[in-house]
Every structure is written in structure tokens, then in C-alpha cells.
């Protein structure tokens, strides 16, 4: 039965037995774990055997909506996918825009969980209460755009379906393959495309017409209106003063370096942030992050302000320059910020039409990190990733790894298929991406499954692989923001930067979004008490993911999470309970790894991330900086009640969170 805010049931599909069924979920489970990957980890922990092969039939993949999804909650256009990662062997989740989660809930399901392996390619079609496992032989081999267009046309009808699908990279079970959602969004990292490919699952399609009950519709509507009000004002500004707003100015490049060198927090102005994020999204941060040291370059070997300075290089691939290519704005779904975009390159060797705009990670990855200032080539490389279903963070990181091997003579032009992998060679970067996406030639076979697999194939390459437990690192240097490094090392999904971090306060003085928790001010490069601070910021983020609400909601301030939850569900929760729910979710994600036999000592940063010994940078604003990352990680483990040596959660913490019986 449906409860306020949720459908109250999930859909199971067994591809091997070609059957499906529903499972009712008690309301107390939603109150304990919310939705999204909170519900996801609760279901997988109960139903998936420990030690399951990530590419075998026992692995389960779930698509899960948050409790705020599907009722027009601001910032709630997010859907999450969960599974066990074939890349890292850990708990895996990913968060994407698009309306698939909303349609699932309107079709009567808070999530769909898929196990087994089909003997032939299939896709799952969910149309309100009707569920079908359909033949996908004609779709196998098609790229994600072709698949999307074919399924929309095949299903037809006045109500457009929403879907997630894999491309050729996922079909070939490449370990850094991803799943593309509603054409323009991605479930990246962790190798989800390979999991789908291992099951012969090409796509999941959903549409629904049902409604989701709300405990207090009038109050909920009023809260939504109040949250949206300042954003609607930004939209009117967009119409009247369409001038691009940039936070980056090459004349002020010295200032960005100055802030880092002298450890001065960068103060964010919320109103300016709203304008800038709507106009340019995270592209506005690219040249600043290169200049101040946040964005690593040359496979983490050098300083961006020296090798790729704002005045002559990074400004070409940032903010206003990217906005010049925009055809239209793109939203994740129910979001007033609308911070993404669709772009085109109209002519030249990299011409593409109406593709997803590259944002911070891909502009840094295919651009700054590889010393490439050709913006059109970055759009083309990013598009290859989306078209063929390859992770757009891991792909350029792998190319950077290959470029260093090429520079050092560890690989030759024979292994690169003649591609000249000099730093900054735009043509080579695009061609390398294409070959990786297609697993074409020597280069594609060596590097198409990412850096970790390449180290197994290339003797002597491992010291140059900047990884955490097999996962390529996103483009944020812990020497700039140490608590971001805590995320990357200590989160149950290694190498992740979007898991809730004290870094937002550490570097930008952002205040914790829950007033009942009085956290101290933490210094940028200090160590004392940061484990407890990281705990609270992480717990808040896990709660947001359980709701299906975007990370950016906490950055703009003033979102009444408690009031929204109570108006939706009628539970009568307070801040303490919601934050404990976040901690329960995070602890279960961690416990999944512990049950898999994984030890915390296996998760360590590469010394280039911390500036250890010979790996200290010699120039730029981070010159000479070294971070004791493991001190911060251990402090976080202590604050969470997790044993650092074994990973085991302390019994008193399990009891506090009500997990003793579940974890056993």
C-alpha cells in the first residue's frame, strides 16, 4: 500500500527466470532509510549474498527514487542506481538527473531491483502496473542516442517514456562504462554499464500516471513556492540581463593564488552564486580551480597556474567561453536552478549538434588535466563518452595516465596506434577517447577499461596510476582541500567527491545547513576535530540522497528539509532524527564493504594527492604542501564509530542507529 510520499512497494525483475513480482515495504523502513540509495542499501544488504561476483547473476542492480521525487520538490530531479562495483569490488551508487525516478514512482514503484542474467539482450518496460521484459536484440550494438530514439519511437503514445540505457562500452563490460539517463544525464563512476552489460540488460524504460499522496498538500505547496521564489527571480533576470556572469577574471588570477598560498577562505555570496550557477553551472569554477590549485594537471604532477595559466589557457575552457556554445538550458527535472546545458559546435573537425555541455569535471579532465585549451575538442571527447557510455571522469584520467607513460617511454606509438600523446594535443585526446569507447586497436584494448586494468597489462606502469582502490580520482586536489580527500578515501564508494564534505566549510566558509548542530569553525589546513565535522556534513548529504534532493540544495541555503519531510510524510521528524537517518544510511553503505571482507587499510590516497616526499609540488600555490590524509581519515572513522583496522562498526553505534538486528 502507498504511504504519504512513497509508493510503498518495489518491483523485482529476475532476468534469468524471466519473471517479475512486487514487494511491499513497511513504512518504518522508509522512516529509517528514506528512499534513494538509503532504501537501495537496505534492500541489497538483505537480498544479495556476500561475495557475489559483480559481473555475475547474483549481483543486483537497483534503480531507486528518493522520497521527495515525483512531487515537484525543488532540487528533487535525481534518481540513484545501486549495485556492487566491478571496478572496485565495493558498494556502488550513482546519482543522476532525468525523470526516470519520477516516472517509476508514478507507475507505483519506489524502485526496481534486477538480478539474474538474460540469455539474450532485453530491456524492461514499466507502464503503470504493466511490466514487460522485451527483446532488445535489435538495439544491441547501438549507441545510447540511437537506443534512446529507437525506444521512444517504439513505445510511442502521447506520454513520453523516460529511460536509462547502455552503449557499446557497457555491452563489452568495460570497467569504466556508465549508464546514460534520458539522453543527457549519466550514472557514472563504479562501472554500472558493465553490470548492465553482464546481465544483457540494454535499457530500463518507465512511464506512469499515478499520483503520490502528500500528508499536508497545502503546506507542502506553500513550502515549495517559498523555496522557488528567489530562483524565479533569477529567471526573470536571465530574460532582462542575459549578460554572462562569471566569477573568473584573468586580471585577478593573482588573487586566486593568493587565497590558497595564505590559507584564506574564499567567501561565497549566495545571490551571486545563484546567478552564476544558473548561467554557467560548474563551468564557472574551472579556471579559478586551475589557478588556485584545486584542479590537478599532468596526471597530478604539476601546478595549473604554471602549466595552464588562466591568462592564456584555462580561461579558454571556462565559464563565458563554454556559455557561447549553449543552445539551451537543461534541468535535471524538478529543479529551479537549471544549471546544466545543451551545446553545439557548429563547424570544424569537432562539429557536433545538441549534446550535453561538459561541466567542471569534464572540462578539467579533457582540458586542464591534459593541458588542452581547445574547447571544441573537449565537447567532442565528452560527447564520445555519453554516446558510447563511458565514464567522463575516468576516461580523461586514464588518458592522462597513458600520456605520462608515453612521455616516460613506458609505452610507444605501437601501443598508442600511432597517436601522439603529447600533453595538449587536442586531436590525440579526441582520438584516444574514441578508441577507448570502441575498444578499438591496441590503445582501446589497453586503456578502454580504465587505469587499473591498464596497470595489469603494462609492466612498470603502476607507480603512475593515481587511484584509490582502483577508482580514478576526480579533479579536486586534497592538498587544496584536505577534507575532500577524506571523502575520496573514507567513503564506501572510493574516489568520490560528491558524498558530502566538510570541504565546503573548510575552503568556502559555508555554514552547516542544520541550525540545531553547532559546529565550530574549522581552519582550512587544520586537523583538530575534523572527523566530527566530516561526520555531520556526510550525514546531511546521505539524508539528501535518501530524499532524492541535489547536493546543491545545501549550498544555496535556506532549504527547510524538516518542514518539507513532515508536510510530505506526516512523520513529525526533527533535525536530529533526519541526520541520524543520514548516519544510518552511511553506516550501512560502509557495512556492505565490511561484509565483503574489505579493510580500511586497503583504501589509501596516491602520494601525489598528499604531496608526500618527492611528490611535493615545486611551484604554484600548493608548492611544498603536504597533507596527513590518513590522520583525517582515521579521525572520521573514530567519529563514525567504525574500527579503522577492521572496518567493524562498534556495537554501541549499531545499537544507537537501530541496526543491531539487521547487521547481526
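Computed from the coordinates by the stated procedures, all read-outs in this text should not be read as laboratory data. Treat the numbers as computed from the prediction; the structure is a model and nothing was measured. All Cβ positions, even for glycine, are placed from backbone atoms using ideal geometry, and neighbour counts span all protein chains on display.
Across the chain, the mean sequence separation of Cα contacts (distance under 8 Å, 6 or more residues apart), normalised by length, yields a relative contact order of 15 percent.
Using the alpha carbon gyration tensor of segment 387-503, what are the three equivalent-ellipsoid semi-axes (square root of 5 times each eigenvalue), largest first, in whole Å? Don't skip to the end; give the middle numbers.
Details: eigenvalues 142, 42, 34 Å².
Semi-axes, largest first: 27, 14, 13 Å.
Calculated from the alpha-carbon coordinates, segment 482-663 shows an Rg and a Dmax of 17.0, 57 Å respectively. Pairwise alpha-carbon distances in the chain exceed 35 Å for 36% of all pairs.
Averaging the sequence gap over all C-alpha pairs within less than 8 Å and six or more residues apart, then dividing by the number of residues, gives segment 366-480 a relative contact order of 27 percent.
The radius of gyration of the Cα set in segment 269-470, together with its Dmax, comes out at 16.7, 53 angstrom. Taking segment 9-207, how much of its Cα-Cα pair set, in percent, is spaced more than 31 angstrom apart? Looking at segment 9-207, the distances longer than 31 Å represent 8 percent of pairs.
For segment 361-431, the convex hull spanned by the alpha carbon atoms encloses 73 Å³ per residue. Under the rule a/c < 1.5 gives rounded, and otherwise a/b versus b/c splits prolate from oblate, where does segment 336-396 land using the Cα gyration tensor? Rounded is the answer for segment 336-396, as its axis ratio a/c remains below 1.5.
Scaled to the globular estimate 2.2 N^0.38 Å, the Cα spread of segment 284-357, given as radius of gyration, is 1.30. Peptide packing: for 65-73, 344-352, the average count of neighbouring Cβ atoms within 10 Å per residue gives the ranking 65-73, 344-352, highest mean first.
Could you give the length gained on full extension between residue 354 and residue 595, defined as 0.36 nm per residue of separation minus the Cα-Cα distance, in nm? Write out the running numbers ahead of the final one.
Numbers: separation 241, 0.36 × 241 = 86.76 nm, distance 4.45 nm.
My answer for the length gained is 82.3 nm.
Per-peptide packing, taken as the mean over residues of other Cβ atoms within 10 Å, places 8-14, 648-654 in the sequence 8-14, 648-654 from highest down. Kindly identify segment 468-557 as rounded, prolate or oblate by the Cα gyration tensor criterion: order the square roots of the eigenvalues as a ≥ b ≥ c, call it rounded if a/c is under 1.5, otherwise compare a/b with b/c, prolate if a/b is larger, else oblate. Oblate, since a/c reaches 1.5 and b/c is not below a/b. Highest mean first, the peptides 518-528, 382-392 sorted by other C-beta atoms within 10 Å per residue fall in the order 382-392, 518-528. With coordinates expressed along the principal axes, the C-alpha atoms belonging to segment 309-424 extend over 50, 34, 26 Å, beginning with the largest. Taking all Cα pairs closer than 8 Å and separated by 6 or more residues, the relative contact order of segment 482-663 comes to 26 percent. Modelled this way, with points 7 Å down the Cα-to-C-beta line, the labels at residue 422 and residue 344 are 3.4 nm from one another.
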